[in-house]
Amino acid sequence: MNDFNRYAAQMINTISKKGLVNNEEIFEAMKRVPRHLYAGIDDFEQAYGDFPVQIGDKQTISQPLMVAIMTDRLGSIKGKKILEVGTGSGYQAAVLAELGARVITVERIERLYDKAKEILNKNYPDSVTCVFGDGSMGYPEFSYYDGIIVTAGTDEVPKDLIEQLAEGGKIVIPLGSFYIHYLTIIKKLENGRLHTIKDIGCRFVPLIKDARQR
Ligand code: SAH
């Protein structure tokens, strides 16, 4: 085992002890992703600690526990088409790709987009598509999505995301204000109606809306 594997195993051990998520498939996928390379950090104590880490431009790579919980709440991933709003480091997209998803991920900060695109294209050339722009409007070109994961906090679910969600699909999104959010899971039922579940409290950087909502 090299150092990265040892630290990643420790990270998963810490997460699973917290008891908020118990999904071996996700744990195994997270162990395979070299989080330090996505975070751009050589210090493994930092890269594999169970906390968010700064990635520049006032943004963070999400806490590993939060990545595991959000992925778990999306439901089954293999073979599904997932839209991620907020690529950031690319780590969450990599975890979804490891689980067998087709991932479309959108980022509005060019430097982060460029970095994430480089590593994601190298590791998942066939399963991850990186898009530069305002993801609060979704990405209609590839819709409908079986799942949509928003990794930035907002006070309301953007209408476009609901529109671009397939029937039976789920949106996982931190909802709230002033950096205090509740992870919220919204399922689009077969009749098009929405079923909302309020999950745990969390804290995210804000979802920025560059373009006016259509
Ligand atoms: N999923 C990321 C964590 C992202 S932090 C990871 O695994 O590292 C949230 C990211 O959302 C930031 O990079 C921020 O720039 C981005 N963001 C905020 N508003 C956005 C928007 N409207 N469209 C696309 N990206 C957005």
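The values are calculated or read from the model by the stated rules, or taken from the named source; none is laboratory data. All of these numbers come straight from a predicted model, not from anything done at the bench. So basically every Cβ, Gly included, is an ideal-geometry build from the backbone, and we count neighbours across all protein chains shown. Accessible surface is based on the protein model in full, side chains and every heavy atom, while ligands, DNA and RNA are left aside. Shrake-Rupley method; radii C 1.70, N 1.55, O 1.52, S 1.80 Å.
Of note:
- Taking first residues from the stretch 135-150 that are of a type in the set (S, T, N, Q) and partners that are at pLDDT below 95, the Cβ contacts under 7 Å between residues at least 6 apart in sequence or on separate chains come to SER136/LYS209.
- Checked across the stretch 25-42, the condition of being at pLDDT below 95, charged (D, E, K, R) and over 19 Å from VAL205 (Cα atoms) holds for at least one residue.
- Members of the stretch 188-213 that are open to solvent by 50 Å² or more (accessible area, probe 1.4 Å), out of contact with any Lys or Arg (no Cβ under 8 Å at 6 or more places or on another chain) and within 16 Å of the ligand (Cβ to nearest atom): ARG203, PRO206, LYS209, ARG212
- The stretch 134-159: number of residues that are out of contact with any helix residue (DSSP H, G or I) (no Cβ under 9 Å at 6 or more places or on another chain) and open to solvent by less than 20 Å² (accessible area, probe 1.4 Å): 1
- Whenever a residue of the stretch 76-104 is farther than 17 Å from MET30 by Cα and without any contact (Cβ under 8 Å) to a residue 60 or more places away in the chain, its partners that are within 11 Å of the ligand (Cβ to nearest atom) and outside any loop (DSSP other than H, G, I, E, B), lying with C-beta atoms within less than 7 angstrom and at least six residues away or across chains, give the pairs ILE104/LEU83; ILE104/VAL131.
- Among the candidates ILE185, ILE119, ILE173, residue that is in contact with a helix residue (DSSP H, G or I) (Cβ under 6 Å, 6 or more places away or on another chain) and open to solvent by less than 40 Å² (accessible area, probe 1.4 Å): ILE185
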